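Okay, structure first, notes after.
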Amino acid sequence: LKTAVPTLTDANGNKYMIIVENGELKARKTLPEKVLFMGNSLLLGLDTDGSRGGAFGMCASDYQHDYAYIVEQAILTKNSNATFAKLHDAAFEQAETASAAQTYISSNANSFTSDLDLVILQIGDNVNSDVRRSVFEAALPDLINTIKSKSPAARILLVGSWFD
C-alpha cells in the first residue's frame, strides 16, 4: 500500500511536499534549485586540482559517467535552473581525533548556505579503522546538525557507508 505525499503548488507552478519535522508542519520544494554534493574520491576522484582532466568520481571512466553527473542530469531534466556544487569530505572520514573532525566541520561551515535545497552526503568509505569508526560515529551527528542549522531548507540524503 503506497501512501500519497500531500503536495501544494504555488502561483509560479513550484511544487512543495508537506512534511512534519520536529513536530512542526513544513513545506519543502519537491525539485531542488541548489544542490551540494559532499563526498570522497567516489565524488571527486584523485584529481581534485584538475591537473589530469578534472575531478570526477574515482570509479568513473570520465566525467559523464560519474554518479554526480548522472544525478545532476536527472535533476536538470525536471528543473533546468538547478545549480550544483561539490565538497570533499574525506578529511572528515579520515579524522582520528574529535578535534580533527570538528576542524573539518568548522572550516567547511560556509559551504552550508541557507539557500541549499538538497545535500547529498556520500560518506563512510574511509572509515576503515576502529579509531576512525569511533570518531566518525561521535562526530557525524555534529556534521548533520551543522548542515541542518546552516541550511534549514535542505533535505539531507545520506549515502553510505559502503563498508559495514
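The values are calculated or read from the model by the stated rules, or taken from the named source; none is laboratory data. The shown structure was predicted, so the numbers you read here are calculated from the model rather than taken from an experiment. Cβ atoms come from the backbone with ideal geometry, glycine included; neighbour counts cover every protein chain shown. Only protein heavy atoms, including side chains, enter the accessible area calculation; ligands, DNA and RNA are left aside. Shrake-Rupley method; radii C 1.70, N 1.55, O 1.52, S 1.80 Å.
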All positions within region 66-95 that are touching a Cys at 6+ places or on another chain (Cβ under 9 Å) and outside any loop (DSSP other than H, G, I, E, B): Y67
Residues of region 13-26 that turn out to be farther than 15 Å from D117 by Cβ and outside any strand (DSSP E or B), as a count: 3
Check on I120, assigned to a strand (DSSP E or B) and either exposed (fewer than 14 other Cβ atoms within 10 Å of the Cβ) or in contact (Cβ under 8 Å) with a residue 12 or more places away in the chain (or both): yes
Output for region 135-150, where each listed residue is hydroxyl-bearing (S, T, Y) and either open to solvent by less than 70 Å² (accessible area, probe 1.4 Å) or under 16 Å from P32 (Cβ atoms) (or both): T146
Among the residues listed as T77, T97, T103, the single one being within 27 Å of Y16 (Cβ to Cβ) and not aromatic (F, W, Y): T77
Flag if A154 is crowded, with 21+ Cβ neighbours inside 10 Å and either touching a residue at least 24 places away in the same chain (Cβ under 8 Å) or farther than 30 Å from A27 by Cβ (or both): yes
Residues of region 74-111 classified as open to solvent by 60 Å² or more (accessible area, probe 1.4 Å), at pLDDT below 95 and in contact with a strand residue (DSSP E or B) (Cβ under 7 Å, 6 or more places away or on another chain), total: 1
Qualifying residue in region 130-149 (condition: farther than 17 Å from Q102 by Cβ and either in a strand (DSSP E or B) or touching a residue at least 24 places away in the same chain (Cβ under 8 Å) (or both)): no
Residue tally, condition among the charged types (D, E, K, R), open to solvent by less than 40 Å² (accessible area, probe 1.4 Å) and modelled with pLDDT of 80 or more, over region 1-49: 1
